[in-house]
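Before any comments, here is the structure.
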Amino acid sequence: MAPIRIALFLCDHTPPPVRETDGDYLNVFRTLLRDSSPSTEFDLVPFEVRERLQYPEPEEIDGFQAILLTGSAASAYENVEWINKLVAYIASIAEEKPHIKLLGICFGHQIISRALGSDCVPNDGKWEVGVTPVTLTETGKQLFGADDLNIQQMHRDHVPDVPRSCILLASTSVTPNQGYIRFPPSTPPPETFTPDLIKDIQIFTVQGHPEFTKRIVGHLVDLRETSGIITKAIAEDSRRREDWRNDGVDVIGKVIWKVLGVGHDLGEERVDLVEPVHA
């Protein structure tokens, strides 16, 4: 079987301390995907969408099973060329090429949301930093195979409204939209979610960072506290939680692979969708 090909849209670079220990985002995401499914062969192909406005050629895009959008220190609502082009490109893929999965992480979640018609806004200065418990919807519980979920966070922008035709997965008191799924535009959202539908999901996003580890977040917290971006209180609170369980690899990473059709045999239990599908 040929390796699964994933286009990695680089929306930023990791800062020097992270690069020294864990590499740039290409290596960080390669590690997440490899550790989540060690036996799966894949090619992660980087595209510098921020610095070079680099995208797959029209004749090569259909050779990718998915596009994965990374996080960024930028704000997804900025009216700048590279962000505007990225939003327009993702909107066209979402509607015109439903066979290509869209996977959004933090800033990537926000960009996909904009492409689907929702707004990204500052969250009144409220940060989420470090390992954070999120409350799962019934669909989220079924998708992740868990009743609760912890994910690394590093953001103060958010998308308040779940985009049209998308199904909410999780919330926190600070950020009510912690991620969602969407099926292809030609497929009505199901009234009942079953595990066999996971491989049919077209779009999967999370506001948090499944690719971040304790070490990576430690570097980021130190840098942002030193520069005054986050307060000492926020930094200390995140350090208090640094040894909490992190479900990035063993839960969220595995779901990414299941969306891609790898290891999606989760049983046959059915769950009625009690949360709203946003139409």
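The values are calculated or read from the model by the stated rules, or taken from the named source; none is laboratory data. Owing to the predicted nature of the structure, the values given are computational and were not obtained by experimental measurement. Glycine also receives a Cβ, built like all others from the backbone with ideal geometry; neighbour counts cover every protein chain displayed.
Check whether at least one residue in segment 185-197 is part of a helix (DSSP H, G or I), among the aliphatic types (A, V, I, L, M), over 20 Å from Thr135 (Cα atoms) and at pLDDT below 95, and report yes or no.
Within segment 185-197, one or more residues are part of a helix (DSSP H, G or I), among the aliphatic types (A, V, I, L, M), over 20 Å from Thr135 (Cα atoms) and at pLDDT below 95.
How about segment 48-88: which of its residues are within 21 Å of the chain's Cα centre (by Cα), surrounded by fewer than 16 Cβ atoms within 10 Å (Cβ to Cβ) and among the basic types (Lys, Arg)?
Within segment 48-88, just Lys85 meets the criteria.
In segment 167-179, is there at least one residue being surrounded by fewer than 19 Cβ atoms within 10 Å (Cβ to Cβ), touching a His at 6+ places or on another chain (Cβ under 9 Å), at pLDDT below 95 and not in a strand (DSSP E or B)?
No; the residues of segment 167-179 include none that is surrounded by fewer than 19 Cβ atoms within 10 Å (Cβ to Cβ), touching a His at 6+ places or on another chain (Cβ under 9 Å), at pLDDT below 95 and not in a strand (DSSP E or B).
List every residue pair whose Cβ atoms sit under 7 Å apart, with the two residues 6 or more apart in sequence or on different chains, where the first one lies in segment 117-133 and is within 25 Å of Leu86 (Cβ to Cβ) and the second, anywhere, is polar (S, T, N, Q) and assigned to a loop (DSSP other than H, G, I, E, B).
Between residues of segment 117-133 that are within 25 Å of Leu86 (Cβ to Cβ) and residues that are polar (S, T, N, Q) and assigned to a loop (DSSP other than H, G, I, E, B), the close pairs are Asn123/Thr175; Glu128/Thr172; Glu128/Thr175.
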